[in-house]
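Enquirer: Sharing a structure, written as structure tokens. Questions coming.
The values are calculated or read from the model by the stated rules, or taken from the named source; none is laboratory data. The shown structure was predicted, so the numbers you read here are calculated from the model rather than taken from an experiment. Glycine also receives a Cβ, built like all others from the backbone with ideal geometry; neighbour counts cover every protein chain displayed.
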Amino acid sequence: MYLIRRLLSWRISNPVLSGLCRSFMWMLLGAFILSLLLWGSGLSEQDLTMYTYIVHGIAAAFGGLTAGSRAVSKGWYQGALSGTFYGVIVLLVGFLALDSSPAGIDGLWILAAAAIGALGGMFGVNLQKS
């Protein structure tokens, strides 16, 4: 019984990697909700721009929160790294899948994701159990 419990309850010890995994799980959930909203209502894809940014902001915040809670100290640093990597990966996927050219505003988006992740990391490091 202990072996089964140990195999099924794996935990990522690296704070940044666990924050990235949590970020992408929240992004997956948000994309699913947005696709249901698109399917069930009369909205077009151009109407979902603001909601897409909100989903990415929430995903970066929860990724930073997870990274901060897994870190022993400097939660803002771990959260900012998690948010930066999240922003870079999302932009890289958009560049490769959608043939969008990188622009200067993309750097601002990465900085915003890093700031949101750092804010989540600040809250996450204070949620640790003593």
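Enquirer: Restricting the search to region 98-113, which residues are part of a helix (DSSP H, G or I) and out of contact with any Leu (no Cβ under 8 Å at 6 or more places or on another chain)?
Expert: 98, 104, 105, 107, 108, 111, 112, 113
Results for (1) closer than 16 Å to residue 124 by Cβ; (2) modelled with pLDDT under 90; (3) not polar (S, T, N, Q), shown as yes or no for each residue.
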| site | (1), (2), (3) |
| --- | --- |
| 30 | no, no, yes |
| 50 | no, no, yes |
| 56 | no, no, yes |
| 62 | yes, no, yes |
| 65 | yes, no, yes |
| 78 | yes, no, no |
| 81 | yes, no, yes |
| 87 | no, no, yes |
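Enquirer: Between 115, 103, which is of a type in the set (Gly, Ala, Ser) and modelled with pLDDT of 95 or more?
Expert: Exactly one residue qualifies, and that residue is 115.
Enquirer: Now, a different point. Suppose we keep only residues that are closer than 13 Å to residue 19 by Cα and within 11 Å of the chain's Cα centre (by Cα) within region 90-130. Which one would you say is surrounded by the most Cβ atoms within 10 Å (Cβ to Cβ)?
Expert: 117
Enquirer: If I filter region 35-53 down to residues being surrounded by 13 or more Cβ atoms within 10 Å (Cβ to Cβ) and free of Cβ contacts under 8 Å to residues at least 12 places away in the same chain, which single residue comes out as nearest to the chain's Cα centre (by Cα)?
Expert: By that ranking, first place goes to 38.
Enquirer: What number of residues within region 43-97 satisfy the criterion of being farther than 21 Å from residue 13 by Cα, among the small types (Gly, Ala, Ser) and in a helix (DSSP H, G or I)?
Expert: 4
Enquirer: Does residue 87 meet the test of being within 12 Å of the chain's Cα centre (by Cα) and touching a residue at least 60 places away in the same chain (Cβ under 8 Å)?
Expert: Spelling it out, it is not the case that residue 87 is within 12 Å of the chain's Cα centre (by Cα) and touching a residue at least 60 places away in the same chain (Cβ under 8 Å).
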